[in-house]
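Heads up: the structure comes next, in C-alpha coordinates.
The values are calculated or read from the model by the stated rules, or taken from the named source; none is laboratory data. Given the structure is predicted, the values throughout are model-derived calculations rather than measurements. Glycine gets a Cβ as well: all are built from the backbone with ideal geometry, and neighbour counts include every protein chain shown. Calculation scope for accessible area: heavy atoms of the full protein, side chains included, ligands and nucleic acids excluded. Shrake-Rupley method; radii C 1.70, N 1.55, O 1.52, S 1.80 Å.
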Amino acid sequence: MLAPRIRSYLCRIAGHAVPITYQALAKALDLSPPNTIHQLTVALEYLIEEDAAAARPLIAALVVSKARHGLPAPGFFDCARRVGCFDGDPSGSEDPAFYAAEFKKAVEFWRVAAEDS
(Lines give C-alpha, C1' and ligand atoms only; values in the text may rest on other atoms or scores of the structure.)
Protein backbone atom coordinates (compact mmCIF):
# COMPACT_ATOMS: atom_id res chain seq x y z
CA MET A 1 0.00 0.00 0.00
CA LEU A 2 1.26 3.44 -0.91
CA ALA A 3 -0.04 5.44 2.07
CA PRO A 4 2.49 4.07 4.62
CA ARG A 5 5.37 4.79 2.20
CA ILE A 6 4.14 8.35 1.77
CA ARG A 7 3.77 8.87 5.53
CA SER A 8 7.27 7.52 6.13
CA TYR A 9 8.78 9.79 3.48
CA LEU A 10 6.90 12.87 4.66
CA CYS A 11 7.94 12.21 8.26
CA ARG A 12 11.57 12.19 7.13
CA ILE A 13 11.24 15.58 5.42
CA ALA A 14 8.89 17.28 7.92
CA GLY A 15 11.80 18.80 9.84
CA HIS A 16 12.85 20.78 6.77
CA ALA A 17 9.57 22.75 7.00
CA VAL A 18 9.45 22.98 3.20
CA PRO A 19 6.51 21.54 1.27
CA ILE A 20 7.05 19.06 -1.54
CA THR A 21 5.10 19.06 -4.79
CA TYR A 22 3.00 16.13 -5.88
CA GLN A 23 5.35 15.62 -8.81
CA ALA A 24 8.49 15.66 -6.65
CA LEU A 25 6.90 13.24 -4.19
CA ALA A 26 5.95 10.86 -7.02
CA LYS A 27 9.54 10.99 -8.24
CA ALA A 28 11.00 10.51 -4.73
CA LEU A 29 8.82 7.43 -4.27
CA ASP A 30 9.72 6.18 -7.76
CA LEU A 31 6.07 5.82 -8.76
CA SER A 32 5.43 4.49 -12.22
CA PRO A 33 2.87 5.82 -14.69
CA PRO A 34 0.08 5.75 -15.47
CA ASN A 35 -1.77 8.08 -13.13
CA THR A 36 1.04 8.72 -10.66
CA ILE A 37 -0.54 11.90 -9.31
CA HIS A 38 -3.89 10.14 -8.94
CA GLN A 39 -2.16 7.33 -7.03
CA LEU A 40 -0.72 9.95 -4.70
CA THR A 41 -3.96 11.82 -4.16
CA VAL A 42 -5.87 8.64 -3.27
CA ALA A 43 -3.18 7.71 -0.73
CA LEU A 44 -2.98 11.26 0.64
CA GLU A 45 -6.74 11.34 1.18
CA TYR A 46 -6.41 8.06 3.07
CA LEU A 47 -3.75 9.69 5.26
CA ILE A 48 -6.03 12.67 5.87
CA GLU A 49 -8.76 10.28 7.02
CA GLU A 50 -6.31 8.46 9.32
CA ASP A 51 -4.94 11.67 10.81
CA ALA A 52 -8.39 13.15 11.35
CA ALA A 53 -9.58 9.96 13.07
CA ALA A 54 -6.54 10.12 15.38
CA ALA A 55 -6.87 13.90 15.96
CA ARG A 56 -3.41 14.53 14.48
CA PRO A 57 -2.31 17.36 12.18
CA LEU A 58 -2.69 16.40 8.54
CA ILE A 59 0.63 15.13 7.23
CA ALA A 60 -0.79 15.58 3.71
CA ALA A 61 -0.39 19.34 4.27
CA LEU A 62 3.29 18.86 3.41
CA VAL A 63 2.34 18.20 -0.23
CA VAL A 64 1.44 21.06 -2.56
CA SER A 65 0.56 21.67 -6.17
CA LYS A 66 3.11 23.46 -8.32
CA ALA A 67 0.23 24.99 -10.26
CA ARG A 68 -1.57 26.38 -7.18
CA HIS A 69 1.13 28.73 -5.90
CA GLY A 70 2.11 26.64 -2.89
CA LEU A 71 -1.32 25.30 -1.95
CA PRO A 72 -2.44 21.69 -2.08
CA ALA A 73 -4.88 20.61 -4.77
CA PRO A 74 -8.58 21.24 -4.15
CA GLY A 75 -9.02 17.59 -3.14
CA PHE A 76 -6.99 18.25 0.02
CA PHE A 77 -9.50 20.86 1.16
CA ASP A 78 -12.50 18.77 0.07
CA CYS A 79 -11.22 15.79 2.02
CA ALA A 80 -10.41 17.94 5.07
CA ARG A 81 -14.02 19.18 4.96
CA ARG A 82 -15.39 15.63 4.64
CA VAL A 83 -13.51 14.44 7.73
CA GLY A 84 -14.43 17.50 9.78
CA CYS A 85 -11.02 19.21 9.93
CA PHE A 86 -12.01 22.23 7.87
CA ASP A 87 -15.29 24.08 7.67
CA GLY A 88 -14.16 26.76 5.25
CA ASP A 89 -16.24 28.11 2.42
CA PRO A 90 -16.16 25.79 -0.62
CA SER A 91 -15.36 28.84 -2.77
CA GLY A 92 -11.78 28.49 -1.57
CA SER A 93 -11.46 31.91 0.01
CA GLU A 94 -10.42 30.41 3.37
CA ASP A 95 -8.11 27.77 1.90
CA PRO A 96 -4.82 29.71 2.23
CA ALA A 97 -5.32 30.53 5.92
CA PHE A 98 -6.38 26.98 6.78
CA TYR A 99 -3.48 25.57 4.82
CA ALA A 100 -0.89 27.85 6.47
CA ALA A 101 -2.09 26.87 9.94
CA GLU A 102 -2.31 23.16 9.10
CA PHE A 103 1.14 23.16 7.47
CA LYS A 104 2.67 24.73 10.59
CA LYS A 105 0.95 22.21 12.90
CA ALA A 106 1.96 19.31 10.64
CA VAL A 107 5.61 20.35 10.51
CA GLU A 108 5.81 20.71 14.29
CA PHE A 109 3.97 17.47 15.05
CA TRP A 110 5.49 15.21 12.41
CA ARG A 111 9.03 16.51 12.89
CA VAL A 112 8.84 15.47 16.55
CA ALA A 113 7.12 12.20 15.66
CA ALA A 114 9.98 11.38 13.25
CA GLU A 115 12.59 12.24 15.88
CA ASP A 116 10.87 9.99 18.41
CA SER A 117 10.77 6.95 16.10
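Below, the figures for the structure above:
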{"item": "Any hit, the stretch 53-73, residues being open to solvent by 70 Å² or more (accessible area, probe 1.4 Å) and among the polar types (S, T, N, Q)", "result": "no"}
{"item": "Extreme residue, surrounded by the fewest Cβ atoms within 10 Å (Cβ to Cβ), among residues of the stretch 20-52 that are under 15 Å from TRP110 (Cα atoms) and among the β-branched types (Val, Ile, Thr)", "result": "ILE20"}
{"item": "Of the criteria (1) β-branched (Val, Ile, Thr); (2) closer than 18 Å to MET1 by Cα; (3) in contact with a helix residue (DSSP H, G or I) (Cβ under 7 Å, 6 or more places away or on another chain), which one VAL42 fails", "result": "(3)"}
{"item": "Of the criteria (1) of a type outside the set (Lys, Arg); (2) free of Cβ contacts under 8 Å to residues at least 40 places away in the same chain; (3) surrounded by 13 or more Cβ atoms within 10 Å (Cβ to Cβ), which one SER91 fails", "result": "(3)"}
{"item": "Subset of the stretch 55-95 (residues that are within 21 Å of GLY15 (Cα to Cα) and more than 13 Å from the chain's Cα centre (by Cα))", "result": "ALA55, LYS66"}
{"item": "Matching residues, the stretch 7-23, being over 19 Å from ARG68 (Cβ atoms) and β-branched (Val, Ile, Thr)", "result": "ILE13"}
{"item": "Residue in the stretch 94-103 that is open to solvent by 70 Å² or more (accessible area, probe 1.4 Å) and either within 24 Å of MET1 (Cβ to Cβ) or not in a helix (DSSP H, G or I) (or both) present", "result": "yes"}
{"item": "Subset of the stretch 24-40 [closer than 20 Å to GLY70 by Cβ and at pLDDT 95 or above]", "result": "ALA24, LEU25, ALA26, LYS27, ALA28, LEU40"}
{"item": "Complete set of residues in the stretch 4-19 that are buried (at least 17 other Cβ atoms within 10 Å of the Cβ) and either of a type in the set (A, V, I, L, M, F, W, C) or modelled with pLDDT under 95 (or both)", "result": "ILE6, LEU10, CYS11, ILE13, ALA14"}
